[in-house]
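The values are calculated or read from the model by the stated rules, or taken from the named source; none is laboratory data. Worth saying up front: this structure is predicted, and the values here are computed from it rather than measured. Neighbour counts run over all protein chains shown; Cβ positions are idealised from the backbone, glycine included. Accessible surface is based on the protein model in full, side chains and every heavy atom, while ligands, DNA and RNA are left aside. Shrake-Rupley method; radii C 1.70, N 1.55, O 1.52, S 1.80 Å.
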Amino acid sequence: SMNLLRKFKLFMSILLASRYAKALYDLCQERGQLDSTHHDLKKIEELIAGAKDFEEFLANPVILSSQKQKILQSIFQNKVSPETYNFILFLESKNRLNLLKEIFSAFDDFYRHEHKILKVKITSSRALTKQQIDSFCHHLQEKFDKKIEPDCIIDPTIIGGFRVQVEDRVYDYSLRTQLEMFKEKLIFS
């Protein structure tokens, strides 16, 4: 039952994060600040990813609100747009800074959806050339009718070829997979 409770809490936090993200998104859209806020959130996300102690600070319930606000001010004031800055202070006042990651992720989803941007993970055994990436993106753009944002990852365990992940679907063009499929055909034919 503990597991169920944890799942429920996770579900609620994602739901809540999505509501906060939508509110921020609508406000920024109204003010023509979508791009700058999206850019801000990316910057902050990188900051959180790079600083473990900052993430712990965000989630720490013991630190006084006034202290938290001072720290947030020293980090973010004049570094991000007023919308982003006020939103972070607002989250702090609601004791929801721990949802920052989920809120950014939801905001990003709204942004991509509206701008018809598709994030694609391309995994290959060695670095792809710019030409290869461009032709890939062109092919995927035709297929999905969306702007493609590639995220290239190198994984030496992939033998030849590559693997493409679009949202939850994985298209595997690696030699290993082709061989496995070929073997199965031999066995089952």
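What are the residues in segment 145-164 that are of a type outside the set (A, V, I, L, M) and at pLDDT 90 or above, if any? Quick ask: steps written out before the conclusion?
In the first step, residues of segment 145-164 are kept if they are of a type outside the set (A, V, I, L, M); the result is 145-147, 149-152, 155-157, 160-163.
Hits for segment 145-164 are Asp145, Lys146, Lys147, Glu149, Pro150, Asp151, Cys152, Asp155.
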Return the total of residues in segment 139-189 being of a type in the set (Asp, Glu), touching a residue at least 24 places away in the same chain (Cβ under 8 Å) and part of a helix (DSSP H, G or I).
0
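Every residue in segment 28-54 that is within 25 Å of Ile71 (Cα to Cα), over 13 Å from the mean Cα position of the chain (by Cα) and open to solvent by 40 Å² or more (accessible area, probe 1.4 Å), please. Reasoning before the result, please.
Residues of segment 28-54 within 25 Å of Ile71 (Cα to Cα): 28, 33, 36-54.
If we keep only those that are over 13 Å from the mean Cα position of the chain (by Cα) as well, we get 28, 33, 36-37, 40, 47, 50-54.
Selection gives Gln33, Ser36, Leu47, Gly50, Lys52, Asp53.
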Within segment 123-138, tally of residues that are part of a helix (DSSP H, G or I) and either among the small types (Gly, Ala, Ser) or surrounded by 11 or more Cβ atoms within 10 Å (Cβ to Cβ) (or both)
7
Select, from Gln178, Gln165, Gln141, the only residue that is out of contact with any strand residue (DSSP E or B) (no Cβ under 8 Å at 6 or more places or on another chain) and at negative phi.
Gln178
Selection count where residues are open to solvent by 20 Å² or more (accessible area, probe 1.4 Å), of a type outside the set (A, V, I, L, M, F, W, C) and part of a loop (DSSP other than H, G, I, E, B), scope segment 64-122:
7
Of the conditions (1) surrounded by 10 or more Cβ atoms within 10 Å (Cβ to Cβ); (2) of a type outside the set (Phe, Trp, Tyr); (3) more than 19 Å from Arg112 (Cβ to Cβ), Leu186 clears all except one; give me its number.
(1)
